[in-house]
Amino acid sequence: MKLFRIGELAKTAGVSERTIDYYTKLGLIDPEERTEKNYRLYSSETLTRLERIVQMKQEKYSLDEIKQSLQKWSLVSTEEQVAHKLSTLELHVQQLEREVNELKPLLGEMKPVQARKMMAGLLTKSAGTMEALKILLENTMM
């Protein structure tokens with residue numbers, strides 16, 4: 001598991017070290033452990049949580065509202081979190097299918113060489129993503 005010192009975490013998340021200190025004092029994030037020299041080390045889960053906090057701040061949530069939201073999320077079981085993520089992923093896939101269906105007539109109007117070129121680039125990128133998703137789901141189901 002990757003652990004970040006405060007400066008690394010701040011740089012990766014795009015916030016200041018002072019913000020990390022403040023969020024830690026408020027209890028929005030917690031260090032995973034401390035080094036012998038008493039440096040705080042934060043996990044990648046903390047980075048994800050911090051990114052969520054930054055996103056909610058941009059959406060104009062107050063820190064109190066963010067803290068309440070994070071507390072509610074932490075009460076949700078892992079099974080519920082996975083079910084929620086999978087249903088969100090399913091909605092994304094359905095949206096992509098609709099967008100592909102909207103593209104079909106437009107691709108039909110293009111010259112065959114242009115259409116193949118565009119589809120080749122898209123398929124290359126999406127094939128890797130789909131394969132990774134398939135492997136993840138297969139490994140999870142075992």
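The values are calculated or read from the model by the stated rules, or taken from the named source; none is laboratory data. For clarity, every value in this text was computed on a predicted model and none was experimentally measured. Here the Cβ positions follow ideal geometry from the backbone for every residue, glycine too, while neighbour counts run over all protein chains shown. Note: accessible area is taken over every heavy atom of the protein model, side chains too, but ligands, DNA and RNA are not part of it. Shrake-Rupley method; radii C 1.70, N 1.55, O 1.52, S 1.80 Å.
How are the alpha carbon pair distances in the chain distributed across 10 Å bins from zero to the largest one, expressed in percent?
In order of increasing distance, the bins hold 9, 26, 25, 23, 12, 4, 0 percent.
Express the carbon and sulfur contribution to the solvent-accessible surface of the chain as a percent, rounded to the nearest whole number, probe 1.4 angstrom.
Carbon and sulfur atoms account for 56 percent of the accessible area of the chain.
About its Cα centre, what dipole magnitude does the chain give when the only charges are +1 on Lys and Arg Cβ and -1 on Asp and Glu Cβ, stated in debye to the nearest 20?
Approximately 500 debye in magnitude.
Whole angstrom only: what separates the Cα centroid of segment 82-142 from the Cα centroid of segment 10-32?
Cα centres, segment 82-142 to segment 10-32: 36 Å.
Here is the link list: Lys11/Lys37; Lys11/Lys67; Lys60/Lys134; Lys2/Lys134. Which ones come out longer than 27 Å on Cα distance?
In this structure, Lys60/Lys134 lie more than 27 Å apart at Cα.
Averaged per residue, what accessible surface does segment 13-142 expose to a 1.4 Å probe, in Å²?
With all protein chains present, segment 13-142 gives 80 Å² per residue.
Return the single residue from Ala115, Ala83, Ala13 with maximal mean-square fluctuation; model: Gaussian network over the chain, springs between Cα atoms under 10 Å.
Largest GNM mean-square fluctuation: Ala115.
What helices in the chain pass both tests, a Cα length along the helix axis of 20 Å or more and a mean Kyte hydropathy of -0.5 or higher, using whole DSSP H runs?
Correct list, ordered by number: 112-141.
Taking the Cβ of Thr12 as the center, what net charge do the other residues with Cβ under 15 Å away carry, scoring Lys and Arg +1 and Asp and Glu -1?
Once all neighbours under 15 Å are counted, the net charge is +1.
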